[in-house]
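Heads up, the thing below is written out as structure tokens.
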Amino acid sequence: MEITMIAGGIVSLFGSLFLLLGALGVVRMPDLFNRIQAGTKATTLGTMLFLAGIAIAEPSWIPKLLLLVLFIIFTNPVSSHVLARSAHHAGIRMSDRTVADHLAKAIEQRGSENLQSDGQGAAEVKLKGGER
Amino acid sequence: MGNMLFFASALIALAALGVGAIRFFRGPDTLDRVVAFDVITIISISLIAIIGFIMQRSVLVDVALVYALLSFLGVIIIAKFVERGL
């Protein structure tokens, strides 16, 4: 009993260190996109370790904690993706050291393709934009 | 001994909450604040679960689950709003 408590405590201590590092990354990173990376990946791992520590110390809670961990695994990347997409769409500047912006290139390419296909594609795009 | 480790990790998570709040109050842009809010809510989920463990109440894990759901929806909706309006 005592040994499981100590093992779980050590695991959740590691998890809380990851949470602290993630929060520090959110404060220290130069750029919104870097902040999203720091604030989502590190905190996902931190929460998983934290809840795993609780699960080691209290085995009867494992189903509920597993549900919580699965929920976090599935939703956290989604929210990170949506945030990054909306930031790119809103035209937030990247830091000066950014070397690649593939999404901007892809959007540009798609726009030129629509222009080439005798205006019909562009009209379709406009219609879709209106529906949204 | 084991309980002390859990208390220590809860305190470190609380410190992480405070550090995330710095970005929440400082953040120059709306989306910076949203990212900080996301981090704060994820840390709060862990904190609610560990408070439930220390108090030996398994109901608080359910509270953490509902909190995770609501915070996820909140982040998605605010990001949509920033992208192209509601």
For region A:1-117, radius of gyration divided by Kirkwood radius, i.e. Rg to Rh on alpha-carbons: 1.18
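So for region B:1-79, averaging the separation of alpha carbon pairs under 8 Å that are six or more residues apart and normalising by length, what relative contact order in percent results?
This gives 28 percent for region B:1-79.
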Theoretical FRET efficiency, 1/(1+(r/R0)^6), r = Cβ-Cβ of B:ILE77 and A:ARG93, R0 22 Å, to 0.05: 0.35
Cβ-defined net charge surrounding B:GLY18, 15 Å radius [Lys, Arg +1; Asp, Glu -1]: +3
Scattering profile of chain B at q = 0.19 Å⁻¹ [log10 I(q)/I(0), Debye over alpha-carbon scatterers]: -0.88
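In percent, how large is the relative contact order of chain A, given Cα pairs closer than 8 Å and 6 or more residues apart?
24 percent
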Packing-based exposure ordering (other Cβ within 10 Å, fewest first) of A:MET1, A:MET94: A:MET1, A:MET94
Dimensions (Å) - the protein assembly as shown, Cα atoms, principal axes, largest first: 74, 34, 25
Residue among B:SER44, B:SER71, B:SER58 with the largest mean-square fluctuation in a Gaussian network model of chain B, springs linking Cα atoms under 10 Å: B:SER58
D_trans [Stokes-Einstein, Kirkwood Rh over alpha-carbon pairs] for region A:9-73, 10 °C, 1.306 mPa s, µm² s⁻¹: 131 µm²/s
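Just so you know, all these numbers are worked out from the coordinates, no wet-lab data involved. What you see is a predicted model, and the numbers here were worked out from it, not measured in a lab. Please note: Cβ atoms are built from the backbone with ideal geometry, for glycine as well, and neighbour counts cover all protein chains shown.
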